[in-house]
1. For the range 292-348 and the range 203-263, compute the distance between their C-alpha centroids and round to whole Å.
2. Pick out, in residue order, every one of the GluC sites (Glu not before Pro) in the range 170-271 that is DSSP loop and has at most 15 other C-beta atoms within 10 Å; say none if there are none.
3. Order by neighbour count: F355, F198, F86, fewest other Cβ atoms within 10 Å first, most last.
4. Which Cα, out of T123, N135, T106, lies furthest along the positive dipole direction of the range 100-191 (beta carbon charges, K/R +1, D/E -1)?
5. Could you please rank M128, M176, M229, placing first whichever residue has the fewest other Cβ atoms within 10 Å of its Cβ?
6. With label points built 7 Å along Cα→Cβ from the Cα atoms of T172 and A248, find their separation and express it in nm.
7. Can you pull the one-decimal nm distance between simple spin-label points at S232 and V416, each 7 Å off the Cα toward Cβ?
8. For K165 and N122 in one chain, what is 0.36 nm times their gap in residues minus the Cα-Cα distance, to one decimal in nm?
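Derivation of every value follows stated rules applied to the coordinates shown; laboratory data play no part. Since the structure is predicted, the reported quantities are computational estimates derived from the model, not experimental observations. Every residue, glycine among them, receives a Cβ derived from its backbone with ideal geometry; neighbour counts consider all protein chains shown.
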Amino acid sequence: MNTSGNDPNEDAGEHVRIVEPAETVIDEPSSATADDDNSQVAPAASAPTGSTGAALRGLGFGLQDRDWTDERWRGLLDRVIDQGLFTWREVVWLALGHVNPSQVGTSLASSEGFKRNYGKGNTMAVVMEWFYEQNGRCAEAGCGTRLELQADHVKPREDFKKEGKAKHEADTKENMVLRCRRHNVIKRPSHALGGTTFLTLEAALMWILLEIQPRTRVDYGRLCRIYGMSMSDIRIDEAWAMAGWLAAERCYQIEDNERGTYRLLKWPDGAITRVRAREAAPVGCDVIRERVPGTSFVGFITLGDPDATDYTFRQMSVAEIPFSTYDLGNRPANDLAIQYVAPKKGQRATSQRLFPLAPRDHHLVDWALRAESELFVIEAATAARGFDRGFEAGESKRRKLRDGAKIAKDSVRLDVV
Ligand SMILES: [Zn+2]
């Protein structure tokens, strides 16, 4: 299970073996971040939709579930119940439990602010009077669900604090409203993208798993990020456990990269994706190699600017290459060629970024395929001295070949030894 395959910050520098001294040509930033990667596409400053990376151009976050009719939802439920994932009884049991506004009154009555404002013995009666007056639906415009209702402040406690008032002044029945758990939660800065998605996080994780059926953990993560999820990878790992459990009961297919062979596909925007050896390639791409073992590696040299000499070498295992076989709704099949950069610590979820997975949106100079036991070698002529130098790229995931006069234009090639 690969949990870090889409981390562009990762660089296995200690495995790099360089044949010739690297005094001039190779620049290996030890703390490379996406910020100093000139392949970066500037994200939208705060808007979660629109221009947050080329992968999302014009489409924003989200997948097709937003447009689903009740018929589609019913179809999904019918299918997974037929498969034996769960029973109708369990579905109804779960729905009934979530429509019960259990502990809304008691939790409110036990809050320090309410006890303080209404007096200890009196609070429960005040709260229950307020509770019965409600209409039993989420107050958020356009929602109105009866599921998972919670008591929520109309004007948040923080606003009272900002106005120099005591926090407990927010805890009055006049300042309370019923909202569903989701609309309560997505007001938090850490859930800034929540409002752009349709399902709750835990539901969306299972919708992607059971409906889109990603074949690898890496693709599962990519789908989650495109959906708009900004939570840590461990939540995706946990949800992926269900794929393993279902696979053990033959209800799910996890890709066996160790034994599989694949067709490599190249898209007009440079994205490289794959299908299984006998699967049809989607419309709009070229098959660039047949019968590629899942244990092999693709290496490529790219230029951010075709007129410059800012060559970058990258490699990834075929097992990390996204599949182009999923139903992504109105998204093109190469939209999964993305890598994700988590929000910086303490920053809002909107600071998460999706980058095109190189060589997507890069100028591809050369590429090669190697077996596990082989090594990539970068050949480049230096303009100053005019002779070739070879560099074994080892297991390095990404290296920058230094810009400037040191590398002769059009002299960089990738070989395998
Ligand atoms: Zn709601």
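1. 18
2. Answer by residue number: E249, E258.
3. Placing the least packed residue first, the sequence is F86, F198, F355.
4. Comparing the listed Cα positions along the dipole, T106 ranks first.
5. Taking fewest neighbouring Cβ atoms as first place, the list is M128, M176, M229.
6. Going from the T172 label point to the A248 one covers 5.6 nm.
7. The modelled label-to-label distance comes out at 3.8 nm.
8. 13.1 nm
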